[in-house]
Amino acid sequence: MSLVDVQLPINQMPLPRDVRQFLKVANRRVERFSREHNEPGFIPSDYPCVYRALQALMYSEMATGNLFCEWGSGLGIVCCLASMLGFDTVGIENVEELVEEAEKLAERFEVPVEYIQDSFIPPDAPVLQDDLYPWLDASAGELEERMDLSIEDFNVIYVYPWPDEEQIVADLFDHYASEGTFLLTYHSLGEVRARRKE
């Protein structure tokens, strides 16, 4: 299998009013959480940029379905945006405080998102057996049983990887995702890369 880059038809029109209102509140929560917690792994995406990428993917109907998962969902902002666009959304996050805040945000805006506190990495992941990536936790190992879904069931997976994680994320996705699934990754300077497994 291989991952093929896909150019998404990005719409640069102004964001819908409900999305702007949501992001205004979400950004305040990001600022507050950053002040009150010491979570060095939490760095927010460029949310308007991510929204437009998800919008392009949804409206172009290039995805094989609308089941969406975010690996490392943080405060749940991208998950909420995906749900607002019509994706059936699951967020996977290993940090309890982030999951709690994400659930509060989704509840406030009545956005249907399922959050699971766990690692997105299967415990049998062959790409992790050499212990080169100790900061990526595969110890929980109950994700599939807890959500009654596996990685291969999702149609779109979104990740904001650290630079050192980019290859390992791609390898995990290529190993476990189904053919036709999209991998969206956020990178610095407002870049969302879209790849499809073929």
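Tell me, which residue of region 24-51 that is assigned to a helix (DSSP H, G or I), within 14 Å of the chain's Cα centre (by Cα) and touching a residue at least 60 places away in the same chain (Cβ under 8 Å) is farthest from LYS197 (Cα to Cα)? Looking at the filtered set, the residue picked out is CYS49. Among the residues of region 75-116, those that are in contact with a strand residue (DSSP E or B) (Cβ under 7 Å, 6 or more places away or on another chain), part of a helix (DSSP H, G or I) and open to solvent by less than 10 Å² (accessible area, probe 1.4 Å) comprise VAL78, CYS79, CYS80, ALA82, ALA102, ALA106. In region 162-179, how many are assigned to a loop (DSSP other than H, G, I, E, B) and open to solvent by 10 Å² or more (accessible area, probe 1.4 Å)? Total satisfying the criteria: 3.
Just give me the residues in region 64-112 being over 21 Å from GLU31 (Cβ atoms) and touching a Gly at 6+ places or on another chain (Cβ under 8 Å), in sequence order. Across region 64-112, the qualifying residues are THR64, ASN66, CYS69, ILE92, ASN94. One residue stands out among those in region 44-82 that are in contact with a helix residue (DSSP H, G or I) (Cβ under 7 Å, 6 or more places away or on another chain) and among the β-branched types (Val, Ile, Thr): the one that is nearest to VAL4 (Cα to Cα), which is VAL50.
Among the residues of region 187-198, the ones that are under 20 Å from GLY72 (Cα atoms) and open to solvent by less than 20 Å² (accessible area, probe 1.4 Å) come to 1 in all. Among the residues making up region 32-45, those that are open to solvent by less than 60 Å² (accessible area, probe 1.4 Å) and either closer than 26 Å to PRO16 by Cβ or at pLDDT 75 or above (or both) are PHE33, PRO44, SER45.
Can you confirm whether region 61-70 contains a residue that is modelled with pLDDT under 95, open to solvent by 10 Å² or more (accessible area, probe 1.4 Å), part of a helix (DSSP H, G or I) and under 20 Å from ASP153 (Cα atoms)? Within region 61-70, not a single residue is modelled with pLDDT under 95, open to solvent by 10 Å² or more (accessible area, probe 1.4 Å), part of a helix (DSSP H, G or I) and under 20 Å from ASP153 (Cα atoms).
The values are calculated or read from the model by the stated rules, or taken from the named source; none is laboratory data. It should be emphasised that the depicted structure is a prediction, and the values quoted were computed from it without experimental measurement. Positions of Cβ are generated from backbone atoms using ideal geometry, with glycine treated the same way; all protein chains shown enter the neighbour counts. To get the accessible areas, we keep the full protein, side chains included, count just its heavy atoms, and leave off ligands, DNA and RNA. Shrake-Rupley method; radii C 1.70, N 1.55, O 1.52, S 1.80 Å.
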